[in-house]
Amino acid sequence: LKRFEIDFCIRMLREKFGLCLKIGRDLVRILQDLVHVPEFRSLWKDLLLNPSVFQNAAFLDISQLYLSRTSSRYFLLRITPEMENQLRFLLTHVKLGNQKRYQVWFAKKFLGVPERETLLTDIVRFICCGHHPPNEIIQSDIIPRWAVIGWLLKSSQRNYVEANVKLALFYDWLFFDEKVDNIMNIEPGILLMIHSIPSYVDITHALLEFLFMLVENYDIGRKDVIVKGVSSAFTFLVRKGVVRSLDALTCSDVISPFLKQLFEKIFKDMLASLSERAVASLPLKPISAPS
């Protein structure tokens, strides 16, 4: 069965690449998980180094896939209807503080054996991109998406699964374009980092460190695309008021000095732009009339 699956997927990607392109950037994320399979390793090399082999005039470089947002419909295909129903119930009816028994039940039902840990990645992608609560839920005491993702992040017992969960959380950040992407896809990442300060600052540190690692190493040849994407994500989140500023990440005493320095080094231009915008928005001090 595994051999049939590999043969079918490779044939689709090789012969019907135009259809596969419609999946968008998450196609790249999923293919990266399969590079240990020789057939997919060969395909991956062609995506990076020899795009013309796919004989599709619209595909010239893998960065085109990076910049193509994956439709939320695809994330519904990655989890079962029962999982979807339980997650939506948790995120629309359960109050923050009362979620533990629901989480225990969900983990026992769907994540009870180690092999199912890989589902965590698909669940996080669904929460980020497939479930966008209305304002009345966001402003209520219902458990927020970022808190559920924080629980899922701690549910993993394997380092590579934890890394994939973090990648699922930040994936849309890497290529964010406000004209194409939805701010709700990136909201859980920033809120999880901010709300983990100061009680769970180790989570904030781990997420920041992972995000910086992605910027530096995810695709070295296209680092400029990724720096632009993450900078755009941070800027848009501040501009839209999801967070007032990035001071909690760049100025807080509980954040590692090394991470703050790295933040300023990588996103120097973005931080300068946000600072200028903040100054420009300050009310003008009234001029007193001379006595």
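The values are calculated or read from the model by the stated rules, or taken from the named source; none is laboratory data. Owing to the predicted nature of the structure, the values given are computational and were not obtained by experimental measurement. Don't worry about glycine lacking a Cβ; one is built from the backbone with ideal geometry, like all the others, and counts go over all protein chains shown. Protein only, heavy atoms only, side chains kept; ligands, DNA and RNA dropped before computing areas. Shrake-Rupley method; radii C 1.70, N 1.55, O 1.52, S 1.80 Å.
Classify region 87-129 as rounded, prolate or oblate from the Cα gyration tensor: take a ≥ b ≥ c as the square roots of its eigenvalues, call it rounded if a/c is under 1.5, otherwise prolate when a/b beats b/c and oblate if not. Kindly include the intermediate steps, with their values, before the conclusion.
Values: a/c = 2.93, a/b = 1.31, b/c = 2.24.
Oblate shape, in that a/c is at least 1.5 and b/c is the bigger or equal ratio.
Indicate the gyration tensor shape class of the chain (rounded, prolate or oblate), computed on the Cα atoms with a ≥ b ≥ c the square roots of the eigenvalues: a/c under 1.5 is rounded; otherwise a/b larger than b/c is prolate and the rest oblate. Could the numbers behind the result be given before it?
Details: a/c = 1.98, a/b = 1.32, b/c = 1.50.
In terms of gyration-tensor shape, oblate.
Once the Cβ-Cβ distance between Arg88 and Asn182 is put in as r, and R0 is 22 Å, what FRET efficiency do you end up with, to the nearest 0.05? Intermediate results must be reported in sequence, preceding the final value.
Numbers: r = 18 Å, r/R0 = 0.81.
After rounding, the FRET efficiency stands at 0.80.
Can you list the DSSP H helices in the chain whose Cα atoms extend at least 20 Å along the helix axis and whose mean Kyte-Doolittle hydropathy is -1.0 or higher?
Working: long enough: 201-217 (24 Å, 1.15); 223-239 (24 Å, 0.82).
Qualifying helices, which must be both long enough and hydrophobic enough, are 201-217, 223-239.
Below 8 Å between Cα atoms, with a sequence gap of 6+, how large is the relative contact order for region 133-241 in percent? Each step should come with its number before you reach the end.
On the way: 71 pairs, mean separation 33.9, N = 109.
Over region 133-241, the number comes to 31 percent.
How high is the FRET efficiency between Thr250 and Trp151 when r is their beta carbon distance and R₀ equals 25 Å, given to the nearest 0.05? Provide the component values of the computation, followed by the final result.
Working: r = 27 Å, r/R0 = 1.07.
Rounded to the nearest 0.05, the efficiency is 0.40.
What's the local net charge at Asp181, with K and R +1, D and E -1, over the other residues with C-beta under 13 Å away? It would help to have the intermediate numbers written out before the result.
Numbers: positive: Arg25, Arg69, Lys179, Lys228, Lys240; negative: Asp26, Asp172, Asp177, Glu178, Glu187.
Neighbour charge sum, excluding Asp181 itself: 0.
Starting with the highest mean, order 234-246, 166-178 by the number of other Cβ atoms within 10 Å, averaged over the residues of each peptide.
Values: 234-246: 15.5, 166-178: 22.8.
Ranking, from highest mean packing down: 166-178, 234-246.
Rolling a 1.4 angstrom probe over the protein heavy atoms, how many square angstrom per residue are accessible across the chain? If you can, show how the numbers build up before the last one.
On the way: 16150 Å² over 291 residues.
Heavy-atom SASA per residue in the chain reads 55 Å².
Compare Ile30, Ile79, Ile197 in a GNM of the chain, Cα atoms joined below 10 Å, and give the one with the largest fluctuation.
Of the options given, Ile30 has the highest mean-square fluctuation.
What residues qualify as long-range amide H neighbours of Ile142, i.e. H under 5 Å apart, gap of 5 or more or another chain, H built at 1.01 Å from N?
Leu96
What is the count of Lys pairs in region 136-291 whose alpha carbons sit under 16 Å apart, if the two are 8 or more places apart or on different chains? Walk me through the numbers before you get to the answer.
Numbers: Lys154/Lys166; Lys179/Lys228; Lys179/Lys240; Lys223/Lys265; Lys223/Lys268; Lys228/Lys265; Lys228/Lys268; Lys260/Lys268.
Number of lysine pairs found: 8.
How large is Rg over Rh for region 10-127, taking Rg from the Cα atoms and Rh as the Kirkwood inverse mean of 1/r across Cα pairs?
My calculation puts Rg/Rh at 1.09.
Quick check on the chain: helices-only [θ] at 222 nm, where DSSP H runs of length 4 and up contribute -39,500 (n - 2.57) each and the sum goes over total residues. Nearest 500, please.
Working: 18 runs with 182 residues, N = 291.
Theoretical 222 nm ellipticity from helices: -18500 deg cm²/dmol.
For the chain, give the percent of accessible area contributed by carbon and sulfur heavy atoms, probe 1.4 Å, rounded to a whole number. Each step should come with its number before you reach the end.
Values: 9000 of 16150 Å².
Looking at the chain in its full context, I get 56 percent from C and S.
Which aspartates and glutamates does Lys108 reach when only Cα atoms under 18 Å apart count, and residues fewer than 8 places away in its own chain are ignored?
Glu82, Glu84, Glu117, Asp122
Rg/Rh for region 41-194: what does it come to with C-alpha atoms and Rh from Kirkwood?
Details: Rg = 17.3 Å, Rh = 17.0 Å.
Here the Rg-to-Rh quotient is 1.02.
Quick check: residue separation of Gln261 and Glu216 times 0.36 nm, minus the Cα distance between them. What number comes out in nm?
This chain segment gains 14.7 nm when fully extended.
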